Amino acid sequence: MRGRRPCRNVLLMFALLAVTRRAMSELPPLGGGAINEKERHYGRMEKDDNNVPSKGTWDPTNNLSHTLHALVGMDRYPNYLSRFHDKKDVESLEAALEARLMDVRKQKNEIARRRRGIAELVGRYLNRTDYECEEGDCSQLWRDHEVFSKPATWADLREREVLQGSAFRVAHRSALRCAKRQGFANNEVRDFIDGRCNLQIDESLLGEFMDQAMFDVYSFPIFEPEFCKLLRQTVRDLSWLAEKDYPHLNLGRRPLDLDDIGLGWINDAIFALFIQPISRHLFATTELLTHAEKYDSEQLLDWRQGYIAGYSASPTSAKGANRHRLVPHTDDSEVTLNLCLGEETFEGGAVEFYGLRGTEEEGELVGK
């Protein structure tokens, strides 16, 4: 479990979560520390007025476990629903699934409208007129930007000073040694960013590059300070413009997803060059990323979400700082990478780690 202490001034944090698909839901009020996570009951039974556990009833609309149980049954067994003796039970499952489908369609339409609005916002910010991006994908609006356009070559990435020196060397040398070992021509950085090939990190380079803070928690440098500064300023500028002319987008009131503003290549680069290959070494057994002689893509983390969240003692959407603190929580991911984009002047903002659920240390602060 992780939490974040209150912070003074403004701290921008870039978080990249690697793994499975995430659900979208409403965010907490500006400045709060709560997250989008329902209370977990772990099989607790409802009780009546006499404190006697009530009998379970089939209710897939209000009990997700019932819906999942039925779907798994239908996937495993032919004519599974014939086991339901009461027709009303089947109808209640049907109603629950139809309600979910309606919610999916509603969110899909809302996301599409919001992304079109963000594309227009980014186009205005970059003084471009070609807002009409396919499905709200505004990555092409950055194609002429000297820093934020997607790099094609390793030389391009180095000249822009995106990665700190040690981070660039680890990724670049690993790519060169991988190509030499496999007898291939050298792959450029765009091949990894676009997912055309997987990077095998050179383990011998990790010893000096990474520090272990505690069990399963590691730290290492990634971005150059100037790149962090430019990213901070861009987020603040977009948040200010959105608050002034596009308040319906709630851009400054939510963590800002880099894919939404057309900078998803930053997520892809960190994922492909660091999270994916390093996780294969560090979390091969704990996250079922098993070792094998063949570097099989099926063993790798295959999805990521990266966003920027701002923290401040006085949160305001105009400056992109929408939170004061964060309560202890568990991320919906196998691996989480936190990157501090903040200036050296901020105070507080420590990332705290708590004992895992189901262990003797559950809820206890174990490190930061």
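The values are calculated or read from the model by the stated rules, or taken from the named source; none is laboratory data. Computed from a predicted model, the values in this text were never measured in an experiment. In this analysis, Cβ positions are derived from the backbone assuming ideal geometry, glycine residues included, and neighbour counts consider all displayed protein chains. For accessibility, only protein heavy atoms count, side chains too; no ligands or nucleic acids. Shrake-Rupley method; radii C 1.70, N 1.55, O 1.52, S 1.80 Å.
Some observations on this one:
- Residue in segment 246-256 that is modelled with the lowest pLDDT, counting only those that are closer than 17 Å to Tyr125 by Cα and either in contact with a Leu (Cβ under 6 Å, 6 or more places away or on another chain) or buried (at least 18 other Cβ atoms within 10 Å of the Cβ) (or both): Gly252
- Yes/no for Leu300 being modelled with pLDDT under 85, out of contact with any Gly (no Cβ under 7 Å at 6 or more places or on another chain), open to solvent by 70 Å² or more (accessible area, probe 1.4 Å) and over 27 Å from Gly349 (Cβ atoms): no
- Residue within segment 308-323 that is within 15 Å of the chain's Cα centre (by Cα) and either within 22 Å of Tyr218 (Cβ to Cβ) or open to solvent by 30 Å² or more (accessible area, probe 1.4 Å) (or both) present: yes
- In segment 88-101 there is no residue matching the filter, namely being under 28 Å from Ser139 (Cα atoms), within 26 Å of the chain's Cα centre (by Cα) and modelled with pLDDT of 95 or more.
- Check on Gly342, assigned to a loop (DSSP other than H, G, I, E, B) and not charged (D, E, K, R): yes
- Checked against (1) out of contact with any Leu (no Cβ under 9 Å at 6 or more places or on another chain); (2) modelled with pLDDT under 80; (3) open to solvent by 20 Å² or more (accessible area, probe 1.4 Å), Gly358 passes all but condition (2).
- Residue match in segment 276-287 (condition: at pLDDT 85 or above, acidic (Asp, Glu), open to solvent by 10 Å² or more (accessible area, probe 1.4 Å) and over 25 Å from Glu188 (Cβ atoms)): no
- Evaluation of Val335 against (1) modelled with pLDDT of 85 or more; (2) in contact with a Gly (Cβ under 8 Å, 6 or more places away or on another chain); (3) open to solvent by less than 20 Å² (accessible area, probe 1.4 Å) (one fails), failing number: (2)
- If you check Phe220, Phe209, Phe215 for being under 25 Å from Tyr354 (Cβ atoms) and touching a helix residue (DSSP H, G or I) at 6+ places or on another chain (Cβ under 9 Å), only one passes: Phe220.
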